[in-house]
Amino acid sequence: MDPALGPPDAMAEKRDELTPMMRQYHDLCARYDDALVLFQVGDFYETFCAAAERTARLLEITLTSREDSTGEYPMSGIPIDNAESYVETLLEAGYRVAIADQVEAPGESSGVVERAVTRVITPGTLTEDELLASEDNTFAAALARDGDTLGLALLDVSTGEFLATSADSSERIADEISRFEPPEAVVGPDAPADLFSDACMVTPYEPEAFDHEYARETLARYVRNPDVLLASDAEIRACGALLSYAEYVRGGDHEGERGETETDNSDDRDTLNAAREPLGYVTQLTRYDPREYLLLDAVALRSLELFEPRAVHGHEDATLVGVLDETASALGGRKLRDWVRRPLLERARIEGRLDAVEELTGSVQTRETLHELLRGVYDLERLIGRTSRERANARDLRSLRDTLAVVPDVRAALEGTDCDRLRKLHADLDPLVDVRELIDDAIVTTPPVEITEGGIIAEGYDADLDELRGTAREGKAWIDDLEQRERERTGIDSLKVGFNAVHGYYIEVTNPNLESVPDDYERRQTLKNSERFVTPELKRREDEIVSAEERADDREYDLFRDVRRAVAAEVERVQTLADALATLDALVSLSTVAATYDYCRPELLEDDDQKTSGGLELEIEGGRHPVVERTQESFVPNDVQLDDDRRVAIITGPNMSGKSTYMRQVAQIVLLAQVGSFVPARGARLTPVERIFTRIGASDDIAGGRSTFMVEMDELATILREADERSLVLLDEVGRGTSTADGVAIAQAITEHVHDELGATTLFATHHHPLTELADDLEAAFTLHFAVDQTDGEVVFHHEIEPGAATGSYGVEVATAAGVPEDVVERARTLVAAEADGDSPPSMGDSNPTESEAERALEACLGEATQTATADGGDVPADLAAELRTLDLAHLTPVEALTELDRLQRLLEE
Ligand code: ADP
């Protein structure tokens, strides 16, 4: 166990002798022994012993020590005011952080100040805005096994979104996990923890929490009929355990900011206490079947650049979600991401979204009005989450109220709309007038951040408060007039009334006037030139003011918490409204993109109830790559037509001619259509695709420590095992990470298998030119290519797809374009020409120089260059020679080889 966690050894040995404060620290560490306890002492969060040494190192803060009668303990502390950034570092280092706050004011009770863990901060259960990206959900996951079934539950603690699913295959569940990328997971007994990525903090959690009966009981406190709603016991176990965990990280049953805490003194960690209050913000559980959505595994998610850009573009928002996101609110941004993560299969649902997008695309005014209004929408889901967790301050409630105030205008803007989806949203947009009025009546327009110091509750909301304020005001008015009155009474014109923090109100008389002081003045303070006095009446008034003000602050705090609870009671209605606003924002965003970038409505070819067993049909006219077209000046549209008779497209063309762009654009257009978005094309007709598989590019799995070739074969194995006639498969440069002969053989075998056995619709880009001949042998295979023009040794790319196979690869010319030195290119050209002249006959009867030949030529060329470099002897630095020797020629493409050579040459010149 990490020595920084749990009670420090030095304290554990002598717990009973410790000072009361250190005993408190020890006990909290024992109770939250999987978290680093940050222990409030005044304005600091302190850690002690091993935890102090660890935090000092991680946070680069000073290690000090604390000495008391029982010993000296290493200590390090962080200021509470900017604890957040430190907590972030601790989370990144893989710790959970338990915040142990002082939950009573010092001096409030006789003994040591009471402390309680008010929350446990973990990577998957963050609610702090500062630590949490707002544009996407952050889910914590739980994985449970029940027989052969795996159940997966996902909960976003900041918004209350709660999902459950299950499957009999661990691959299916792994795919769902990669869709949501939870940063944290708890796993039950026998559940396969390795389905989560390395970036996820995985903890085996109390087996009881996963126990079927126990989990069912936990869940029943949230959901009416768990057995009816959920499809399997595994789901019940996962959901119940995840809720237990979320209850645990909420911390002790700490009641609020002022310390009316009911700390539980039992030594047991309170994790499994069924008497706990449910988490108010969890009001709805959505159960889904992975088969309801287009399935994208981790590889496809990455290679289609849905959320993460590919390094080559160098643009941070060069992602599919980046080009689609014109949302006005954080709510809408998250909704859009959820749609992209889970594209639909059901035609009716897709058409529902498309109808709305079409209507909004057609009406500039409605669209722009809505966008403008939605900009005034705060993050309602998180606001109500905080309200329900009793963490919202008065400003949060005002933000909530300001959002509600926008709703009537949003409704009005939707008034004349036509399609079902927009009509339904119109109906769902409940402006929650009661909630808004409550906040309007109760809370002042610009309240302070602190909720314990008054100034929050509006005049006229509460008679008692008004009376207290009245008393204070009256007293102050009496004092304001006092100066004038006393001047008249005493005849001392220079008499002054003042206030200081130590003595309170006083009457000040300068020394020359002291004889005129009346008898009822009592001396309080003597200054150099004057004396300060009070009168019994002044003291009485002052006490009255102070006590009225204190009582008013207390009253305000109580009233505020009542208002907050009353708002929290409406959590479900607020969440429904939030969902409607989010959906509307996402639809407006899609229509803005459609109108701005000239997208068209895709046509879906099949009714939900008429699914045939046949393959896919896919016809795109003038299609564009949604991401690439944004990153460059002009983009050449291309068509595609695939159906049962033309299922396997073998695409050739030189490097950089546009093959992989073309393949990805087909997949992204399909995906967009199933999200319910318009697509970048002149026209598109398609049957919904059930799965998209990709095997694109030769990216080494560096973290996984596997070679390019292993990664490639692994991805291929998945495709060959799982693809079927409802799948769209993209294969780019298969068989690249091995020798040419092996590569061709593997690529050919795969193409045949995909064609004969799987029936999957496949786009296959290859630089192994001989493979194009397969199109003659395989019934449903055909060829496409990207041609280039060559003038004066310069290559011109048209990026236009054409029928048939390419005639050559132009690898050498591309090398010139990439800036490889002329002499190297010249030499390569001679070698290619020699090969084409018959020095070594091309395979499969192709008389044109193929890329593999060019590759061999360049390898030879590279070999010569290497030799020359080393033969030069003396002045070749040893490290450079070593680099040259270790170049893995079998894994480099010609262009990569030449670029590498160029880099080495430059090094030599330096
Ligand atoms: P390949 O896979 O054939 O090596 P890519 O698809 O990677 O080629 O395309 C290379 C570059 O060419 C892209 O980064 C893009 O800048 C440009 N490109 C590709 N397709 C098009 C197109 N249809 N219109 C304009 N430029 C394109």
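The values are calculated or read from the model by the stated rules, or taken from the named source; none is laboratory data. None of these values were measured; they are calculated from a predicted model. Cβ atoms come from the backbone with ideal geometry, glycine included; neighbour counts cover every protein chain shown.
General observations
- Restricting region 654-670 to residues that are part of a helix (DSSP H, G or I) and under 18 Å from A747 (Cα atoms), the residue that is farthest from the ligand (Cβ to nearest atom): M663
- Entry remark, region 728-760: residues being touching a helix residue (DSSP H, G or I) at 6+ places or on another chain (Cβ under 8 Å) and either closer than 23 Å to Q674 by Cα or assigned to a strand (DSSP E or B) (or both) number 7 in total.
- Only a single criterion out of (1) modelled with pLDDT of 75 or more; (2) closer than 30 Å to E757 by Cα; (3) surrounded by 13 or more Cβ atoms within 10 Å (Cβ to Cβ) is not satisfied by S843, namely (1).
- Residue within region 113-130 that is surrounded by fewer than 19 Cβ atoms within 10 Å (Cβ to Cβ), assigned to a loop (DSSP other than H, G, I, E, B) and outside the structural domain of L230 (by TED's automatic domain parsing) present: yes
- Number of the condition not met by I651 [criteria: (1) within 16 Å of the ligand (Cβ to nearest atom); (2) part of a loop (DSSP other than H, G, I, E, B); (3) modelled with pLDDT under 95; (4) buried (at least 22 other Cβ atoms within 10 Å of the Cβ)]: (2)
- Test: residue in region 605-620 that is within 16 Å of the ligand (Cβ to nearest atom) and either among the β-branched types (V, I, T) or assigned to a helix (DSSP H, G or I) (or both): yes
- Scanning region 16-66 for residues that are over 16 Å from R119 (Cα atoms) and of a type in the set (S, T, Y) yields T19, T47, T55, T62, T64, S65.
- Pairs meeting the criteria (first residue in region 741-761 and in the same structural domain as G614 (by TED's automatic domain parsing) and at pLDDT 90 or above, second residue in a helix (DSSP H, G or I) and surrounded by 21 or more Cβ atoms within 10 Å (Cβ to Cβ), beta carbons under 6 Å, at least 6 apart or on different chains) are A760/V754.
- Test: residue in region 671-683 that is assigned to a strand (DSSP E or B) and either away from the ligand (no atom under 12 Å from the Cβ) or over 27 Å from A747 (Cα atoms) (or both): yes
Per-residue answers, yes or no, for (1) buried (at least 21 other Cβ atoms within 10 Å of the Cβ); (2) modelled with pLDDT under 70:
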{"residue": "A681", "(1), (2)": "yes, no"}
{"residue": "R685", "(1), (2)": "no, no"}
{"residue": "V689", "(1), (2)": "yes, no"}
{"residue": "I692", "(1), (2)": "yes, no"}
{"residue": "I696", "(1), (2)": "yes, no"}
{"residue": "D701", "(1), (2)": "no, yes"}
{"residue": "G705", "(1), (2)": "no, yes"}
{"residue": "V711", "(1), (2)": "no, no"}
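- In region 17-39, the residues that are within 30 Å of the chain's Cα centre (by Cα) and surrounded by 19 or more Cβ atoms within 10 Å (Cβ to Cβ): Y32, A35, L36, V37, L38, F39
- Check on S516, hydroxyl-bearing (S, T, Y), at pLDDT below 95 and surrounded by fewer than 12 Cβ atoms within 10 Å (Cβ to Cβ): no
- Residue count for region 761-773 under the criterion of being surrounded by 20 or more Cβ atoms within 10 Å (Cβ to Cβ), in contact with a helix residue (DSSP H, G or I) (Cβ under 8 Å, 6 or more places away or on another chain) and not in a loop (DSSP other than H, G, I, E, B): the result is 6.
- Total residues in region 746-770, condition within 15 Å of the ligand (Cβ to nearest atom) and either within 18 Å of V729 (Cα to Cα) or under 39 Å from the mean Cα position of the chain (by Cα) (or both): 5
- Taking helices (runs of 4 or more DSSP H) as the structural unit, those lying wholly within region 352-466 and holding at least 2 residues that are under 32 Å from the mean Cα position of the chain (by Cα) and among the small types (G, A, S) correspond to 380-388, 394-414.
- Residues in region 636-648 that are within 14 Å of the ligand (Cβ to nearest atom), out of contact with any His (no Cβ under 7 Å at 6 or more places or on another chain) and not in a strand (DSSP E or B): P637 alone.
Every residue, every condition in (1) under 20 Å from the mean Cα position of the chain (by Cα); (2) at pLDDT 90 or above; (3) surrounded by 21 or more Cβ atoms within 10 Å (Cβ to Cβ); (4) among the aliphatic types (A, V, I, L, M), yes or no:
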{"site": "V282", "(1), (2), (3), (4)": "yes, yes, yes, yes"}
{"site": "Y288", "(1), (2), (3), (4)": "no, yes, no, no"}
{"site": "E305", "(1), (2), (3), (4)": "yes, no, yes, no"}
{"site": "R310", "(1), (2), (3), (4)": "yes, no, no, no"}
{"site": "D317", "(1), (2), (3), (4)": "yes, no, no, no"}
